[in-house]
Every structure is written in C-alpha cells, then in structure tokens.
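To start, the structure itself, in structure tokens.
The values are calculated or read from the model by the stated rules, or taken from the named source; none is laboratory data. The structure presented is a predicted model; accordingly, all values stated were derived computationally and were not measured. Every residue, glycine among them, receives a Cβ derived from its backbone with ideal geometry; neighbour counts consider all protein chains shown.
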C-alpha cells in the first residue's frame with residue numbers, strides 16, 4: 001500500500017463532517033479520506049471501515065465499465081504516531097468543469113421551500129428535465145443495480161450528479177464517487193459471518209425513498225415492477241465478473257481473510273439470488 005505521507009499536503013478545500021486532507025499526487029489533487037470514528041462505546045470496533053469500502057466500491061464500479069472516481073488505498077501516519085488506513089480520491093472537477101449534485105438541481109427546480117427527502121420519482125422528474133436526461137436516468141438505474149451488488153446504502157441526491165462546463169451549458173454525467181457506505185463498513189471482524197452476509201444481501205436498503213420508505217434493493221429488483229430497472233439489470237449483469245471482483249478484494253492486504261470472505265459472500269449472494277433471476281427473466285421475455 002502507498003505511504004500518503006510522501007505527498008505534498010495542500011490547504012484542504014473539501015467540506016463535510018468527517019476528517020479530510022488534500023494531497024498533491026502526481027500533479028493532481030486528491031481528497032484523502034480517513035476511517036470515521038464510532039462514537040458508540042458499546043460497539044466492537046472504534047472506527048468504520050469506510051476507507052476500504054470507498055476503494056473497493058469504486059473499483060467494483062470500474063470493473064463493470066461505469067466511469068468512476070479514481071481511488072488509491074494506503075496509510076497515513078499521524079503526528080501522534082498512529083497510522084491509519086486511508087483512501088485517496090482523485091479530484092475530477094478540472095478543465096473548467098464544476099460538479100452539480102442532483103440535490104442542488106432538485107432544489108433549483110422545485111417550487112417547494114421544503115427540502116426533498118429523496119423520493120425516487122421526484123428525483124427522476126428532475127433528471128428528465130435536463131439536456132442529458134435520458135442518459136442520466138439510465139445511469140441512475142445502472143447505479144442502483146451496482147449499489148445493490150455492493151450494498152451501498154447511502155447513494156442519496158447529494159453524492160452523484162453532473163459536470164457542467166463553466167461559462168457554457170455543456171453537461172456530462174459525473175464519474176461515480178462516494179462509495180464509502182458500501183459493504184457494511186460499520187461491522188467489525190468479530191461480527192462478520194455468512195449469515196450476516198445473507199441478511200444484508202436480502203434486507204439492505206437504498207437511500208432512495210418510495211411511498212415514504214427507503215427501498216429494499218432485493219425486494220424492489222425482484223418485483224420486476226420497474227421496466228427501467230429491469231433494463232438496467234439486463235445491461236449491467238453480463239458485465240459483472242465475480243472472479244475479477246474477488247481478485248480486487250484479494251489484492252487488499254490491510255484487511256483480514258475473514259473480511260475478504262464476507263465481502264465475497266455478500267456480493268455473490270446478491271449476484272445469485274437477486275440479479276441473476278431478474279436477468280434470466282428479462283432476457284427470456286425479450287426473446288419471446
């Protein structure tokens with residue numbers, strides 16, 4: 001793993017509640033994310049494995065061919081002597097492009113003074129009004145499928161969006177970023193098991209809301225009630241290479257074998273029990 005202490009530290013420009021640093025790596029700006037502390041004293045672990053989840057989630061997205069923020073995993077030694085695992089995320093807002101999150105677009109396009117609560121169809125109505133609305137809606141459902149695969153429970157309107165060129169109306173889909181809530185990062189090694197993986201694979205919920213409740217990934221995908229989501233499964237499923245994903249997981253030497261097995265089980269169960277049946281069904285229907 002990389003030693004992030006070797007790189008120049010810049011004044012931090014990134015906001016948010018968690019601790020961050022800005023580094024200059026190979027002439028490019030990177031946001032360095034650290035493990036979030038756990039403030040519940042009864043919890044087994046004192047930190048969240050979100051740095052590893054960020055790295056893994058982004059690389060799994062990359063493995064299925066979806067543009068994603070470049071991430072690097074390494075360690076950073078604090079002034080107090082403690083060494084922490086950290087994830088460096090490349091700043092993709094360059095060449096005069098700015099990131100506009102869907103949340104900002106939603107607030108700009110609503111007559112209500114109340115903040116939206118992530119209702120999935122409110123989000124889609126905003127997306128459809130954009131110049132690249134059709135492509136962005138497909139991207140939304142593609143993300144939904146991959147987020148289901150990696151159990152990402154925090155893909156809210158504030159962590160995906162579009163890039164708009166400054167001084168023009170040129171718009172493109174932003175690379176996927178902010179995958180730190182993937183793969184159940186709050187669990188300590190002592191809490192990991194096959195049964196726990198099965199439970200999360202079946203019951204994990206998206207940040208998106210439908211009828212006032214967060215959507216259960218497995219239930220919603222298996223219901224096959226949403227034609228756009230069915231098409232996303234049809235697009236994404238053939239690109240999922242479990243062996244390639246397992247290779248990515250195995251390449252991380254800072255996590256235990258138990259955690260590696262948990263990650264593999266969680267992804268495999270979702271792949272086999274949620275995505276595969278729907279892919280077979282929609283493929284069969286299209287061939288009739």
For segment 83-117 the number of residues that are at pLDDT 90 or above and farther than 21 Å from residue 179 by Cα is 1
Among (1) out of contact with any strand residue (DSSP E or B) (no Cβ under 7 Å at 6 or more places or on another chain); (2) modelled with pLDDT under 95; (3) within 19 Å of residue 57 (Cα to Cα), which single condition is residue 254 missing?
(1)
Residue tally, condition part of a loop (DSSP other than H, G, I, E, B) and surrounded by 15 or more Cβ atoms within 10 Å (Cβ to Cβ), over segment 155-197
21
Matching option when the condition is at negative phi, outside any helix (DSSP H, G or I), at pLDDT 90 or above and surrounded by 19 or more Cβ atoms within 10 Å (Cβ to Cβ), among 31, 56, 24:
31
Working carefully through the options 283, 206, 218, 223, find the one that is without any contact (Cβ under 8 Å) to a residue 12 or more places away in the chain and either surrounded by 14 or more Cβ atoms within 10 Å (Cβ to Cβ) or within 28 Å of residue 136 (Cα to Cα) (or both).
223
Just checking, how many residues over segment 121-137 are out of contact with any helix residue (DSSP H, G or I) (no Cβ under 7 Å at 6 or more places or on another chain), part of a helix (DSSP H, G or I) and modelled with pLDDT of 90 or more?
2
